[in-house]
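Undergrad: Just passing along the structure, written as structure tokens.
The values are calculated or read from the model by the stated rules, or taken from the named source; none is laboratory data. Just so we're clear, the structure is a prediction, and the values are computed from it rather than from any experiment. In this analysis, Cβ positions are derived from the backbone assuming ideal geometry, glycine residues included, and neighbour counts consider all displayed protein chains.
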Amino acid sequence: MPTLRVATYNIAAGQNPDPQAINRLFTEENLDLIGVQEVDRHTRRNPYDMPAAIAGTRYHAAFAPAIPVMGGDYGIALFSREPLLNVTNHHYTHFGEEKRVYQHGVYEVAGTPLSVYNTHLSFETPALRQLQVAELTAAMHADPIPRQVLFGDFNMDQSRQEWDYFDSALRRANGGAGGWFDTFNGRDAGMQSFAIDNILATPNIQLSQVRVPSRILSDHQLLAATLIL
């Protein structure tokens, strides 16, 4: 069966991330496909094409701008060894202080299409996140491709029960058979749970070899897993 090594990673654009170090981490982890959150492009605080710099020569980048920031764009991005097909960006109709997006593309794995989603949900309240999850899962349910994976910083920081907003059939890398990983390594007195980053997959995909590398390049840790299609 085809396998993919995948990850999700919030790189904290406001903290001037090192794109070369991030690329090295992706390479060291032998990643094929990565969903990344908090990405700048041509902002005053990061005045360069961050997705292209992280991609280097090893990966292809697909950027989804969420909001304008400091003369440029801020959003999320997908990185892949082979180009994603049919990439689209979608704004949520419910949002807080900042507009939020999810992106979708198709990745071919040994002739098998994999539907790929990436998102960064709002931080304000569980109720707002629940509305965003409803929009996202409606899109996933309408997707004709049976194998689907979702990357994201879901900001589900008040209770692990927030993960119940998702279809219970979805498999979780964080909070699955390997237990919970506190992927947020910063300090925030308002947070009750620090396991806020995750990789979710449809039941026809097996998740294995879930790990959080010790390298600290952000206020989040990279969460990696192997998908068996």
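Undergrad: Taking A127, is it aliphatic (A, V, I, L, M) and within 20 Å of K99 (Cβ to Cβ)? Please lay out each step first, then the result.
TA: Working: aliphatic (A, V, I, L, M): yes; within 20 Å of K99 (Cβ to Cβ): yes.
The answer is yes for A127.
Undergrad: Can you tell me how many residues within segment 85-142 are hydrophobic (A, V, I, L, M, F, W, C), assigned to a loop (DSSP other than H, G, I, E, B) and out of contact with any strand residue (DSSP E or B) (no Cβ under 8 Å at 6 or more places or on another chain)?
TA: Looking only at that region, the number is 3.
Undergrad: Filter segment 143-170 down to residues that are outside any helix (DSSP H, G or I) and farther than 15 Å from A225 by Cβ, then give me how many there are.
TA: 15
Undergrad: Let me ask something else. Please determine, by comparing only the residues of segment 15-51 that are β-branched (V, I, T) and touching a strand residue (DSSP E or B) at 6+ places or on another chain (Cβ under 9 Å), which one is surrounded by the most Cβ atoms within 10 Å (Cβ to Cβ).
TA: Of everything passing the filter in segment 15-51, V36 is surrounded by the most Cβ atoms within 10 Å (Cβ to Cβ).
Undergrad: All but one of (1) assigned to a loop (DSSP other than H, G, I, E, B); (2) over 22 Å from A201 (Cα atoms); (3) of a type outside the set (D, E, K, R) hold for A53; state the number of the condition that does not hold.
TA: Unmet condition: (1).
Undergrad: How about segment 88-109: which of its residues are farther than 20 Å from M156 by Cβ and buried (at least 19 other Cβ atoms within 10 Å of the Cβ)?
TA: H104, G105, Y107
Undergrad: On to the next question. Restricting the search to segment 157-174, which residues are out of contact with any Pro (no Cβ under 6 Å at 6 or more places or on another chain) and surrounded by 18 or more Cβ atoms within 10 Å (Cβ to Cβ)?
TA: Residues of segment 157-174 out of contact with any Pro (no Cβ under 6 Å at 6 or more places or on another chain): 157, 159-161, 163-168, 170-174.
Once the filter is applied, which keeps residues that are out of contact with any Pro (no Cβ under 6 Å at 6 or more places or on another chain) and surrounded by 18 or more Cβ atoms within 10 Å (Cβ to Cβ), segment 157-174 yields D157, W163, Y165, F166, L170, R171, R172, A173, N174.
Undergrad: From the list T112, T119, exactly one residue is touching a Leu at 6+ places or on another chain (Cβ under 8 Å), of a type in the set (V, I, T) and surrounded by fewer than 17 Cβ atoms within 10 Å (Cβ to Cβ). Which is it?
TA: The unique qualifying residue is T112.
Undergrad: Look at segment 107-131 and say how many of its residues are over 15 Å from the mean Cα position of the chain (by Cα) and of a type in the set (S, T, N, Q).
TA: Of the residues in that region, 3 qualify.
Undergrad: Before we move on, is A195 of a type in the set (A, V, I, L, M, F, W, C), closer than 27 Å to F26 by Cβ and modelled with pLDDT under 95?
TA: no
Undergrad: Another question, then. Considering every residue within segment 173-195, establish whether at least one is on the phi < 0 side of the Ramachandran plot, aromatic (F, W, Y) and over 16 Å from the mean Cα position of the chain (by Cα).
TA: Here is the first cut: in segment 173-195, the ones on the phi < 0 side of the Ramachandran plot are 173-174, 176-178, 180-195.
Filter again for aromatic (F, W, Y), leaving 180-181, 184, 194.
Next, from what is left, pick out any that are over 16 Å from the mean Cα position of the chain (by Cα): 180.
The answer is yes, given that some residue of segment 173-195 is on the phi < 0 side of the Ramachandran plot, aromatic (F, W, Y) and over 16 Å from the mean Cα position of the chain (by Cα).
Undergrad: In contact (Cβ under 8 Å) with a residue 60 or more places away in the chain, buried (at least 16 other Cβ atoms within 10 Å of the Cβ) and out of contact with any Lys or Arg (no Cβ under 9 Å at 6 or more places or on another chain): is that true of R5 in this structure?
TA: Spelling it out, R5 is indeed in contact (Cβ under 8 Å) with a residue 60 or more places away in the chain, buried (at least 16 other Cβ atoms within 10 Å of the Cβ) and out of contact with any Lys or Arg (no Cβ under 9 Å at 6 or more places or on another chain).
Undergrad: Hey, could you check segment 176-196 for residues that are out of contact with any helix residue (DSSP H, G or I) (no Cβ under 6 Å at 6 or more places or on another chain) and of a type in the set (G, A, S) and say which is surrounded by the fewest Cβ atoms within 10 Å (Cβ to Cβ)?
TA: Filtering segment 176-196 for residues that are out of contact with any helix residue (DSSP H, G or I) (no Cβ under 6 Å at 6 or more places or on another chain) and of a type in the set (G, A, S), the one surrounded by the fewest Cβ atoms within 10 Å (Cβ to Cβ) comes out as A189.
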